Structures are given as structure tokens and as C-alpha cells.
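The next block holds one structure in the form of C-alpha cells; read it before the comments.
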Amino acid sequence: MNTLLLNDNEEDIKKAGEILREGGLVAIPTETVYGLAANALDGGAVKRIFKAKGRPADNPLIVHIADFSDIEKYNLVSEIPEKVKILAEKFWSGPLTIIMPKGKAVPDEVSAGLDTVAIRFPSHKVAQAVIKAAGCPLAAPSANLSGSPSPTEAKHVMNDLNGRIDAVVDGGECSVGLESTVITLAEDKPKLLRPGEITVGEIEKVIGKIEVDDAVLNQLKDDKKVSSPGMKYKHYSPKATVILVDSNDEEYIDFVNKNNGKGVAALCYYGDEKNIEAECFILGEKNNYKNQAQRLFKMLRKIDEEPEIKTVYARCPSVDGVGMAVYNRLIRAAGFEVIKLEDV
Ligand code: AMP
Ligand code: MG
């Protein structure tokens, strides 16, 4: 299959809409990461997403809409809980995904057989325009090969999926850089399943206390049932081994320099590179978690461009605010391997 590279002009967006209506796969920019879209109401089209990505069939997809009214218009849910309206009022359009009881129109392929469905209204103008041009809601997971870092630029999508999908719409770099915050309102109590740019604190300000699923910050035992199937898979990993180093600035720099050698690199904060002897990739500004979020996947992909790098010692962000999302992705990229420096 020849993958078309489209622009974000009106004519190309119309073309993307046509491909999607006919059951094809189109990668689209959103404010979080690039998504691999198919008509969410067409089970056959959705199956192709799983095949193109190599995604496990038990990992459900998020349905993207271009207006709150699309939820009822397309029968996506069986009920809209009251708190959904409050969250939507505050955070939509934007990087928040809300899980609700599934409606009749949603094929099992989208929900991976669950009786719930995840819905998001992206704020990216190109994403909205493609959804409108397609005339249907779009199921769209991140547009990467399963397991690799999520794509934040069209060229990342091409690297992973060229020849496996119909088209990519190039809308430039994603502004958030990490996938959406996921919250479920389909259980007794609201629960955060995946952290993102919209933080626990911001959500609690509008709907009160929420739980944070154990899988957000911890590695789960193999036999434990997870609320969000995506949490159990190894994720976001470059080919090199990533190890988080939990320490202060000086200890981190000393540690990397002591362990420096062939194939060693550092994923560090701006400024650290002046004192580190290994090759440095800059995660972002220290304590600026939005900046780190925006850069993380791009840096993991840059590391992949240098196959001679075998070990990456990464700074360990704190779990405050958006830091929780950066930590959640990095700890998975590291396969949960953390070195606490007072232990060594
Ligand atoms: P991705 O599209 O790659 O960002 O992945 C979507 C994430 O949302 C995965 O972690 C899924 O497990 C999660 N998700 C999607 N639908 C549901 C659902 N109905 N219940 C729980 N988690 C979901
Ligand atoms: Mg993904």
C-alpha cells in the first residue's frame, strides 16, 4: 500500500474524510499525539487499525468527536452521567478522555468487548476538520507501532506505518506531546486511568475527589485485573534500555559520569549537559513538566536514531501535576527500572 502524505489544507482534509468514509485508515494530528483514525462505527475499518499497529485486540480505542452533541447523534453511549457534562463544560475541547457506558452503535472492536466506551473531543483544528469531513466519529489510538514511543510529528508516523495505512495528514508538531488524561465515569466513583496534561488537581476542582488507579504509578502483578487494558502493556520504549535515576542534580551527574562508557547516554534536564560526559538528550527544563511532556517521545525517538546507544540513564520526574503523566510514560519506557541513589 502506498501511504499518501497529505497537508492540512481544505482539499487534503476533504480527501482524508473520503478515505475514512470508505473504511480506510488516516493518521491525523491532535493536540496530544498523532492518532491513527478509522470510522468508529465500522467494525471492519477499526479491525484494520489493530492490524496496522500490531495492537493487542483486548486494548480498546478512544472515539473522537467534533462536538458534544455527536455523543447522542451517533448513539455512542447508553447514558451521559451528570459529571460528564461538568467535565466537558470545563475541559472540552481538549486532552481529556471520558469513559462512559457504551451505546448500541459502538462496535465491539472499538471497546475490545467491554461494556464501556472512551470518548474525547480534541481541540486540534485539523482533527476537528477531519472528523467533520468524514461525517462520522473516529476511533483513533496513537499512530505508532504498538510498543514504540507515540508519534508527535508526521514523520514519526511515516517511520512506523509507511505502507501500512492509507494516508497521514501533516499538521506539524503536537503541542501537548503525551496522550490524553483518561478518567472513567462508568464505575461507582470517578477514577483516573491514565494521567495527561489535565491533572488530578484540575479535575478535582470541578467534580471533587477522584481515585487514581494503582496501575498509574505502579507495576501491576500479571494476574491483577486492570481497569484500563492499555496499562498492562510495555509501552513507549526505545530500543535502548532506559533506567530512571532517582536522585538530586549532583548525584545524577556523578552517577552518569561514573557509569559512562560505550553505548551510554543521558536523558537529562537543560543545564545538566554541561557537566555530563556521556551523550545527552534533553528531556526538558527541570520542574517544567509541560515542557518535558512535549519533548519526551520526540527524545525517545531521537535515541532510537542512534542504534549504538544501549543504555540511557534518565532523570526521574516528580509526580506533581503534569509530572505524573511524564513519570507514568517514562517508568513504562524504563520497564519500571528505577535506581534510587542512596541504595547504590
Ligand atoms: P491510545 O489510544 O493508544 O492512547 O490508548 C487508549 C487508552 O485508553 C488505552 O490505555 C486503553 O486501554 C484506554 N481505554 C480505551 N477505552 C477504554 C475503556 N472502555 N475502558 C478502559 N480503558 C479504555
Ligand atoms: Mg498508544
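The values are calculated or read from the model by the stated rules, or taken from the named source; none is laboratory data. These numbers were taken from a predicted model, which means no experiment stands behind them. Using ideal geometry, Cβ is built from the backbone for each residue, glycine included, and neighbour counts are taken over all protein chains shown. The area values use the complete protein model at the heavy-atom level, side chains included, leaving out ligands, DNA and RNA. Shrake-Rupley method; radii C 1.70, N 1.55, O 1.52, S 1.80 Å.
Here are the numbers for the structure shown:
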| read-out | value |
| --- | --- |
| Residues located in the range 195-230, provided they are at pLDDT 95 or above and polar (S, T, N, Q) | Thr199 |
| Residue satisfying condition, being acidic (Asp, Glu) and under 24 Å from the mean Cα position of the chain (by Cα), within set Glu273, Glu251, Glu173 | Glu173 |
| Given (1) surrounded by fewer than 24 Cβ atoms within 10 Å (Cβ to Cβ); (2) touching a residue at least 60 places away in the same chain (Cβ under 8 Å); (3) not charged (D, E, K, R), index of the condition Ser111 fails | (2) |
| Any chance Glu72 is within 24 Å of Lys205 (Cα to Cα) and of a type in the set (Asp, Glu) | no |
| Tally, over the range 4-45, of residues that are farther than 12 Å from Ile165 by Cα, within 16 Å of ligand 1 (Cβ to nearest atom) and β-branched (Val, Ile, Thr) | 3 |
| Close pairs (6 angstrom Cβ cut-off, 6 or more residues apart or separate chains): more than 12 Å from ligand 1 (Cβ to nearest atom) in the range 47-60, among the hydroxyl-bearing types (Ser, Thr, Tyr) anywhere | Gly54/Ser146 |
| Yes/no for Val242 being closer than 20 Å to Val338 by Cβ and buried (at least 20 other Cβ atoms within 10 Å of the Cβ) | yes |
| Residues of the range 169-221 classified as open to solvent by 30 Å² or more (accessible area, probe 1.4 Å), more than 16 Å from Ala325 (Cα to Cα) and within 11 Å of ligand 1 (Cβ to nearest atom), total | 2 |
| Listing of helices (runs of 4 or more DSSP H) fully contained in the range 64-175 that carry 1 or more residues being among the basic types (Lys, Arg) | 70-73, 82-91, 125-134, 154-161 |
| Members of the range 35-63 that are surrounded by fewer than 19 Cβ atoms within 10 Å (Cβ to Cβ), out of contact with any Leu (no Cβ under 7 Å at 6 or more places or on another chain) and not in a helix (DSSP H, G or I) | Pro56, Ala57, Asp58, Asn59 |
| Condition check for Leu192: among the hydrophobic types (A, V, I, L, M, F, W, C), at pLDDT 95 or above and within 13 Å of ligand 2 (Cβ to nearest atom) | no |
| All positions within the range 138-151 that are more than 14 Å from Pro122 (Cβ to Cβ) and surrounded by 24 or more Cβ atoms within 10 Å (Cβ to Cβ) | Asn144, Pro149, Ser150, Pro151 |
| Residue count, the range 139-154 (criterion: within 9 Å of ligand 2 (Cβ to nearest atom) and charged (D, E, K, R)) | 0 |
| Residues within the range 251-279 that are without any contact (Cβ under 8 Å) to a residue 24 or more places away in the chain, under 22 Å from Val326 (Cβ atoms), open to solvent by less than 60 Å² (accessible area, probe 1.4 Å) and in a helix (DSSP H, G or I), tallied | 1 |
| Scan of the range 280-331 for residues that are of a type in the set (Ser, Thr, Tyr) and outside any loop (DSSP other than H, G, I, E, B), ordered by number | Tyr289, Thr311, Tyr313, Tyr327 |
| Which listed residue, of Leu41, Leu25, is in contact with a strand residue (DSSP E or B) (Cβ under 8 Å, 6 or more places away or on another chain) and either within 16 Å of ligand 2 (Cβ to nearest atom) or modelled with pLDDT of 95 or more (or both) | Leu25 |
| Residue tally, condition closer than 16 Å to Gly335 by Cα and of a type outside the set (A, V, I, L, M), over the range 298-320 | 6 |
| Boolean, Gly230 is assigned to a helix (DSSP H, G or I) and either open to solvent by less than 30 Å² (accessible area, probe 1.4 Å) or farther than 28 Å from Gly54 by Cβ (or both) | yes |
